[in-house]
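The values are calculated or read from the model by the stated rules, or taken from the named source; none is laboratory data. Not measured: the values here are computed from a predicted model. Heads up, the Cβs are rebuilt from the backbone with ideal geometry, glycines too, and the neighbour counts pull from every protein chain shown.
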Amino acid sequence: MVHTRSHTVAREHICTHTRHTHARAHMHTYTYTYTALEDFSNCDTSYFAQVERFCIWCKDNFLDLNVSKTKELLIDFRRNPSPVPSLVIDGVNVERVTEYKYLGTVVDDKLNFNANTTLIQKKCQSRIYCLQKLRKLNVNADILQTFYRSFIESVITFGFICWYGGLTVKNKNVLTRMVNVCSKVVGRKQESVDALYECRVVRKGRRIAQDSTHVLAQFFELLPSGRRFRSFKTRTLRAQNSFVPKSISYINR
């Protein structure tokens, strides 16, 4: 769960579905992951009530909630955050974590994505080693370029329209150095991470603006001229560097 003002809680639940039939006693079992985002800046009780409703829904639908694999992530940017009671499900305390890997991206409670950058760096280092070995074997430059685009650039840019804008200069330099190393190995100048980010943010923003059913389409409001989108003010640099303000800024250039 992500929240913007006070607390945002992210919970991931591992649910197992088990159902028996009466005739031949067949068992059908499958597992799926459920993630919930809650903003309880105004009322903590609504958060716990939502959890209770979810537990009841699981029981009504023959789902066993694995509390041991359920995690709780609190994101709070206030200077003096108030203590949040522990979440208890079926008498078991839910583990509260400071970072969690979700869909391949490590999200932390400060949204600085330091751990995610470190994970990307480790993945790319082993792939850069393979790229260097291919270069020593005098592999064709086109094949080296394909290897870089498929196995290294894809790792760096995976989901980065969501988190790259919020990176520190230090973390951005880590990604830039890896691209520069690959440029020397391949023998061709590779597109910078900043250029890749701008291109994909603009492309995604335009698609959202053209899709009135998208949840973010309401933020892409055209000005009377019909050529530029209306910018909206943000109070923090974190919000300014998020996807929607960045995409509008790039599109309006």
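Here are the numbers for the structure shown:
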{"read-out": "Condition met for Lys170 (exposed (fewer than 12 other Cβ atoms within 10 Å of the Cβ), in a loop (DSSP other than H, G, I, E, B) and out of contact with any Pro (no Cβ under 6 Å at 6 or more places or on another chain))", "value": "no"}
{"read-out": "Neighbours by Cβ (under 6 Å, 6+ apart or cross-chain): first from the range 92-120, without any contact (Cβ under 8 Å) to a residue 40 or more places away in the chain and more than 24 Å from Val51 (Cα to Cα); second buried (at least 16 other Cβ atoms within 10 Å of the Cβ) and among the hydrophobic types (A, V, I, L, M, F, W, C)", "value": "Ala115/Val106; Leu119/Val106"}
{"read-out": "Condition check for Leu144: over 25 Å from the mean Cα position of the chain (by Cα) and either at positive phi or surrounded by 12 or more Cβ atoms within 10 Å (Cβ to Cβ) (or both)", "value": "yes"}
{"read-out": "Near pairs, Cβ below 7 angstrom, 6+ apart or cross-chain, from the range 126-149 (under 8 Å from Val186 (Cβ atoms)) to any residue that is loosely packed, with under 11 Cβ neighbours inside 10 Å", "value": "Ala141/Gly187"}
{"read-out": "Leu167 modelled with pLDDT under 95 and assigned by TED's automatic domain parsing to the domain that holds Gln132", "value": "yes"}
{"read-out": "Subset tally (residues that are polar (S, T, N, Q) and within 30 Å of Ala239 (Cβ to Cβ)) for the range 108-139", "value": "6"}
{"read-out": "Residue that is surrounded by the most Cβ atoms within 10 Å (Cβ to Cβ), among those in the range 219-235 that are within 24 Å of Leu111 (Cα to Cα) and without any contact (Cβ under 8 Å) to a residue 12 or more places away in the chain", "value": "Thr234"}
{"read-out": "Some residue of the range 223-243 being at pLDDT below 90, aliphatic (A, V, I, L, M) and not assigned by TED's automatic domain parsing to the domain that holds Lys136", "value": "yes"}
{"read-out": "Elements of type helices (runs of 4 or more DSSP H) in the range 191-253, at least 3 residues being within 30 Å of Gln145 (Cα to Cα)", "value": "193-210, 243-251"}
{"read-out": "Filter result for the condition that a residue is modelled with pLDDT of 85 or more and surrounded by 16 or more Cβ atoms within 10 Å (Cβ to Cβ), over Thr117, Thr98", "value": "Thr117"}
{"read-out": "Members of the range 174-214 found to be of a type in the set (S, T, N, Q) and surrounded by 19 or more Cβ atoms within 10 Å (Cβ to Cβ), listed by number", "value": "Gln190"}
